[in-house]
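A.B. asks: What follows is a structure written as structure tokens; I'll ask about it next.
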Amino acid sequence: MARAHGDALRLFGDDYAADRAADRAADVAAPTPSLVSEPLIDANDDPFTVLVERSAKRRRTVGAQMVGDVLKIALPAWMSRAEEEHWVDVMSGRFRRKLSADRIDLGDRAVTLARRHDLPRPAEIRWSDDMLSRWGSCTPATGTIRISTRIAKFPDWVIDYVIVHELAHLEVGDHSAAFWRLAHRCPKAERAIGYLIAKSGDEHE
């Protein structure tokens, strides 16, 4: 169990500022008007279609906007086909995760789990699309919890464990034995930890 806990520590972070800085390279700006449009690109089983638009005015940034069931991705005109494919993958993934996240009300779920497992309630809990290296993050001083949208498509029992993990940090800030006793009030804690460790090795997650 100690080894599993050690591996699990890599999946959660309590320093949001550091996590945000590490992931800042993935940030994008709002789209600008497009001068060149390309044909619709087929999306595999996605609930939306992707349309790539190239703009001579856009110099470095990449933007994306959902219009109806079409995801419009704006790119600088100079980008290569390989870079285009990269950004289509990145932006499609972001919007795919957002659609998955919309099915869960984190506030209601956190209150239910806190009551069920006798844990503190957060002052705020929200989805975060900026967390690319952690599943969840907690700031005990403010009672704020952030959950990565990357887990939105995971099974509900895994999402529940991540929430419980962060709720436990509201009471115990470190990863001591006292913390793990609280985190393991979640019935499927060990199974969820194993699932998350396996997913952390998937470069596409």
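Rule-based calculations on the coordinates, nothing more; no lab input. Predicted, not measured: the structure shown is a model, and the values here were computed from it. Positions of Cβ are backbone-derived with ideal geometry, glycine not excepted, and every protein chain shown enters the neighbour counts.
A.B. asks: Hey, fewest Cβ within 10 Å first, where do THR49, THR149 land in order? Could you put the intermediate results ahead of the total?
C.D. replies: Details: THR49 14, THR149 23.
Going from least to most buried by this count: THR49, THR149.
A.B. asks: Mind sorting HIS175, HIS86 by how few other Cβ atoms lie within 10 Å of their own Cβ, fewest first?
C.D. replies: Details: HIS175 18, HIS86 13.
The fewest-first ordering by Cβ neighbours comes to HIS86, HIS175.
A.B. asks: If amide hydrogens are placed 1.01 Å from N in the peptide plane, which non-local residues have theirs closer than 5 Å to the one on GLY136?
C.D. replies: Residues meeting the amide H criterion: GLY13, SER148.
A.B. asks: Within segment 71-169, list the trypsin sites (Lys or Arg not before Pro) lying in a DSSP loop whose Cβ has at most 13 other Cβ atoms in a 10 Å radius. Walk me through the numbers on the way to the answer.
C.D. replies: Values: sites: LYS72, ARG81, ARG94, ARG96, ARG97, LYS98, ARG103, ARG109, ARG115, ARG116, ARG126, ARG134, ARG146, ARG150, LYS153; in loops: ARG103, ARG134, LYS153.
Loop-located and lightly packed - ARG103.
A.B. asks: From the backbone phi of segment 117-128, what are the Karplus-calculated ³J(HN,Hα) couplings (6.51 cos²θ - 1.76 cosθ + 1.60, θ = phi - 60°) in whole Hz, Gly and Pro given as x?
C.D. replies: For segment 117-128, the Karplus curve yields 10, 6, 10, x, 8, x, 6, 7, 9, 8, 6, 9 Hz.
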